[in-house]
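Below is one structure, written out as C-alpha cells; comments come after it.
Every read-out reported here was derived from the displayed coordinates using simple, explicitly stated rules and does not represent laboratory data. Because the structure is a prediction, the values reported are computed rather than measured. FYI the Cβ positions are ideal-geometry reconstructions off the backbone, even for glycines, and counts take in every protein chain you see.
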There are 2 protein chains.
Amino acid sequence: MSSDLSEPTFLAAQIPPPVQSCTPSLPGFTCGLDATLRVIAGKWKPLILYFVAQGGPTRYGELRRAVRDVSDKMLIQQLKELEADGLVKRTDYKEVPPRVDYSLTPLGHSLAEALVPLCSWGTEHMADVSRVFAERETWNTKGR
Amino acid sequence: MSSDLSEPTFLAAQIPPPVQSCTPSLPGFTCGLDATLRVIAGKWKPLILYFVAQGGPTRYGELRRAVRDVSDKMLIQQLKELEADGLVKRTDYKEVPPRVDYSLTPLGHSLAEALVPLCSWGTEHMADVSRVFAERETWNTKGR
DNA sequence: TTGGGCACTTACCAAAAGGTGCATACTTGT
DNA sequence: ACAAGTATGCACCTTTTGGTAAGTGCCCAA
C-alpha cells in the first residue's frame with residue numbers, strides 16, 4: 001500500500017522463490033520441459049490423453065464424440081503419434097464391424113498425471129482466461 | 001502372469017484410478033485443460049514462462065540468449081501474447097539505450113508452478129523420449 | 001567513422017498443422 | 001434396397017506458425 005510498488009517488495013509476498021530448476025540435460029533437449037513438449041505438442045494430444053486417462057479404455061468413436069470439434073484425420077493422426085511415442089496402446093479386436101480401443105500405457109498415465117495441475121490451473125483461472133479472450137475477440141470483430 | 005492380461009486386472013496394479021476429473025465448464029472451453037492450452041500454446045511459451053520463473057525479472061537480451069534458437073520475431077511475439085494474457089509483466093525503464101525486463105505476474109507464476117510436473121516428467125522420462133525420437137529419425141533418414 | 005549492442009519492427013516466404021470430403025468393407029436396422 | 005455406423009486412408013487445400021533478413025533510433029567504444 002505504500003507509494004512504490006514497482007518492485008520485489010510486494011511481489012515477494014505472493015510469489016514464492018524462483019520455482020524449481022529445469023535440469024538442462026542430455027540429448028537434444030534443453031531441459032525436461034522441452035522433452036515433454038516434444039511429445040505433447042499438437043492441438044489435441046493433451047486433451048486426448050486426458051480423456052483416455054479418465055475413461056480407461058476408450059473406443060475410437062467415443063473419443064471422436066468426446067473431443068468435440070476434432071476431425072477424423074486429426075484424431076487418428078494424433079493417436080498414431082501418441083502410440084508411436086509409447087503413451088497409448090491401441091487394441092484392435094479384429095471384429096467385423098471394426099472395434100478398436102485406446103488405453104494409456106504406464107508412461108502415458110504418468111504423463112496424464114503430470115497434466116493434472118495444468119487442468120486445475122485452467123479450471124481455477126478460467127474466468128481470467130475467458131475474459132482476456134473475450135477482449136481479443138472484441139477488437140478483432142469491432143475496431144482494429 | 002496368467003493367460004489373460006488384456007484387461008483391468010494387471011493394469012489396476014500400476015495405474016491408479018482414472019485421474020481426477022477435468023471439470024467441463026463455462027465459456028468456450030471444454031475443460032480446464034483446454035483453457036490452459038489456449039494460453040500456453042506456442043512453440044516457445046512454456047519455455048519462456050519457465051525461464052522467467054527461474055530467473056526473476058529478466059532482460060530481453062538475456063531471454064534471447066537463454067532460449068536458444070528463438071528468433072527475435074518469435075520471442076517478441078510470444079512475449080506480447082503472454083503479456084496480453086496477463087502472464088508476464090513488461091517493464092520499460094525508458095532509458096537511452098533501451099532497457100526492458102520481463103517478470104511473471106502472480107497469474108503467470110501460478111501457471112509456471114503448474115508446469116513443474118511436466119518438467120519433472122520430461123526429466124524423468126527423457127531417456128524414453130529420446131529413444132523414441134531417435135528411432136523416428138532413423139527411419140526418416142535411412143529407410144522410407 | 002565505423003561497428004556494435006539494445007529492443008524491437010516489418011516484409012516476405014516456406015513449412016507445418018489442420019480441415020473437408022470422398023472411399024472402403026462389412027453389418028445391422030428400417 | 002438403402003441408410004447408418006464402425007475405424008480408418010487419402011487427396012487436396014487453407015490457415016497458422018515460424019523463420020530470415022533487413023531496418024530503426026539511439027548511445028558508447030575503438
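So how do A:124-131, B:51-58 stack up, highest first, on mean other-Cβ count within 10 Å?
Listed from highest to lowest mean packing, they are B:51-58, A:124-131.
Which chain A residue hugs the A-B rotation axis most tightly by its Cβ, and what is that distance in angstrom, to the nearest whole number?
Nearest Cβ to the rotation axis, residue and whole-Å distance: A:Pro117, 3.
Shielding of A:102-115 by partners, i.e. mean partner chain Cβ atoms within 10 Å per residue?
5
Among B:Arg68, B:Arg59, which comes first, second and so on when ranked by fewest other beta-carbon atoms within 10 Å?
Lowest count first: B:Arg68, B:Arg59.
Kindly state, to the nearest 0.05, the FRET efficiency for A:Lys73 paired with B:Ala66, given R0 = 41 Å and r defined as their beta-carbon distance.
0.65
I need two numbers for the stretch A:30-112: Rg to one decimal and Dmax as a whole number, Cα atoms only, in Å.
Final numbers for Rg and Dmax: 12.7, 47 Å.
In what order do B:Glu95, A:Glu83 fall by count of nearby beta-carbon atoms within 10 Å, going from fewest to most?
In order of increasing Cβ crowding within 10 Å: B:Glu95, A:Glu83.
For label points placed 7 Å from Cα toward Cβ, what is the shortest-first list of nm distances from B:Ala134 to its copies?
B:Ala134 label point versus its equivalents elsewhere: 5.1 nm.
Shielding by partners for A:127-136, please: the mean number of other protein chain Cβ atoms within 10 Å of each residue's Cβ.
Across A:127-136, the average partner-chain Cβ count within 10 Å equals 5.
Mind checking the mean number of beta-carbon atoms from other chains within 10 Å of the Cβ atoms in A:56-64?
1
Taking the mean number of other Cβ atoms within 10 Å as a proxy for protection, how do you rank A:74-82, B:70-78 from highest to lowest?
Top of the packing list down: A:74-82, B:70-78.
With the label 7 angstrom out along Cα to Cβ, how close does B:Gly28 come to the same site in each of the other copies, in nm, nearest first?
So the label point of B:Gly28 gives 3.5 nm to the other copies.
Compute the signed sum of charges (Lys and Arg +1, Asp and Glu -1) over the other residues within less than 9 Å, Cβ to Cβ, of B:Val129.
The answer is 0.
Could you give, in nm with one decimal, how far B:Arg90 is from each other copy of that position, shortest first, with labels 7 Å out from Cα toward Cβ?
Once sorted, the set of distances for B:Arg90 reads 4.4 nm.
Can you list the residues, at least 5 places off or on another chain, whose amide H is less than 5 Å from the amide H of B:Arg99, using H built in the peptide plane?
B:Tyr93, B:Lys94
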